[in-house]
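Take a look at the structure below.
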Amino acid sequence: MTDLDNDAHDARDENDDLDGHTIDELSDYLDRGRTPLDPSIEGSPGCRIALSSLERLRQISKSLVEVDAAAEAPRNDDWLGGILESIGREARAGRDIPLLPPSPRATLSVTEGAVRGLIRAAGDRSGGLIIGRCRLDGDVTAPGTPITVSIDASVFWGERIVETVDRAREAIYSALLKHTELTIASIDITVHDVYFAQVSDQEPDDAGDGSASNEGGAL
Amino acid sequence: MIDETSASAASIDDVVRAVPGVTSVYPQLPEVLGLPTVVAGLARDVAAHLVEPTVRIRIGIADADASRAVCERVHAAVLEYLLQTAPVGTPADEMPKIAVSVVAIG
């Protein structure tokens, strides 16, 4: 499947796998404190994955807004919009990733959507970056096939990119080892943005790697 | 633990919900689509005639335990329940297949 095919497939399935809901609706639902409880949202794994991602992103973006205000710097909403778009697209169930069954009359699996959610959570929690787009390249349905995990990320200003990415890669690899039986060939993390996110008394380290990819919003 | 769970459970969903590590049990497609129970039942009957009878379970799990470990627990609990509720003397190979899918983690 080509990237073009993948993108077309992504776009076609984006709302299907949120069971008819959109990211905007889910965002409004979070604004209302998930009340009244909406069974069609709470009963949808895709929506639940997207809600988890949105909640994490809100925590992070809240601090970004505060910092932006303090720094009186313009905020780049495209950056946030891109991540929101990825969350909606990647919450879809996708392919079934098999686990070794305990008997011939059983099949065990993890959905691709659950694994993408897992990768996003592990990366975000490793600190210093936010996962944007995440893709599993290779036939995940065939055990033993080498799989490449391709991730786009934004790193916060002041973080050393190499160390931050290494930390995220390790966290993601651990999570994948724990929850899947995929043969991970590589975890490729591409940093597309550096975002001003932390107020610090110290000047950012000029010798750090951040300057190399300084294309983020509010620097 | 599985014995206690299975003995008192009213349905497969109850059995699955009681398995440690399971945080959610998601409905299958007819319920997701909001079809009436009767129609959903018919849809399931038709599907059972087209393919080998399979109990399909979709679960959300906590991050604490490995997916495989939780899936195996769910499989064991459901198999136990099916064996207890099947007519006496039903051969094991006539039991439905069990498919467990993790659809959300954490």
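The values are calculated or read from the model by the stated rules, or taken from the named source; none is laboratory data. As the structure is a prediction and not an experimental result, all values here were calculated from the model. Cβ placement follows ideal geometry from the backbone for every residue including glycine, while neighbour counts extend to all protein chains displayed. Ligands, DNA and RNA are stripped out before the accessible areas are found, and what is left, the full protein with its side chains, is counted by its heavy atoms. Shrake-Rupley method; radii C 1.70, N 1.55, O 1.52, S 1.80 Å.
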Cross-chain or 6+ apart pairs with Cβ under 6 Å, the stretch A:101-126 first and within 7 Å of chain B (Cβ to nearest Cβ) and free of Cβ contacts under 8 Å to residues at least 12 places away in the same chain, then surrounded by fewer than 24 Cβ atoms within 10 Å (Cβ to Cβ) and among the small types (Gly, Ala, Ser): A:THR107/B:ALA99
Close pairs from the stretch A:158-183: first within 14 Å of another protein chain (Cβ to nearest Cβ), partner among the hydroxyl-bearing types (Ser, Thr, Tyr) and open to solvent by less than 20 Å² (accessible area, probe 1.4 Å), Cβ under 8 Å, at least 6 apart: A:LYS178/B:SER67; A:HIS179/B:SER67; A:THR180/B:SER67
Residue count, the stretch A:135-144, condition more than 14 Å from chain B (Cβ to nearest Cβ) and open to solvent by less than 40 Å² (accessible area, probe 1.4 Å), comes to 3
Which ones in the stretch B:16-32 are part of a loop (DSSP other than H, G, I, E, B), open to solvent by 40 Å² or more (accessible area, probe 1.4 Å) and either at pLDDT 90 or above or within 7 Å of chain A (Cβ to nearest Cβ) (or both)? B:ALA18, B:PRO20, B:PRO27
Failed condition for A:PRO98, given (1) in contact (Cβ under 8 Å) with a residue 24 or more places away in the chain; (2) surrounded by 19 or more Cβ atoms within 10 Å (Cβ to Cβ), with all others met? (2)
Please determine, by comparing only the residues of the stretch B:70-106 that are within 12 Å of chain A (Cβ to nearest Cβ) and part of a loop (DSSP other than H, G, I, E, B), which one is farthest from A:GLU112 (Cα to Cα). B:PRO91
If we keep only residues of the stretch A:171-186 that are farther than 19 Å from A:GLY132 by Cβ and in a helix (DSSP H, G or I), then the residue most open to solvent (accessible area, probe 1.4 Å) is A:LEU177
Yes or no: A:ASP206 open to solvent by 50 Å² or more (accessible area, probe 1.4 Å) and at pLDDT below 95? yes
Read through the list (1) more than 10 Å from chain B (Cβ to nearest Cβ); (2) over 30 Å from A:GLN59 (Cβ atoms), then give the number of the only condition that A:ILE131 fails. (2)
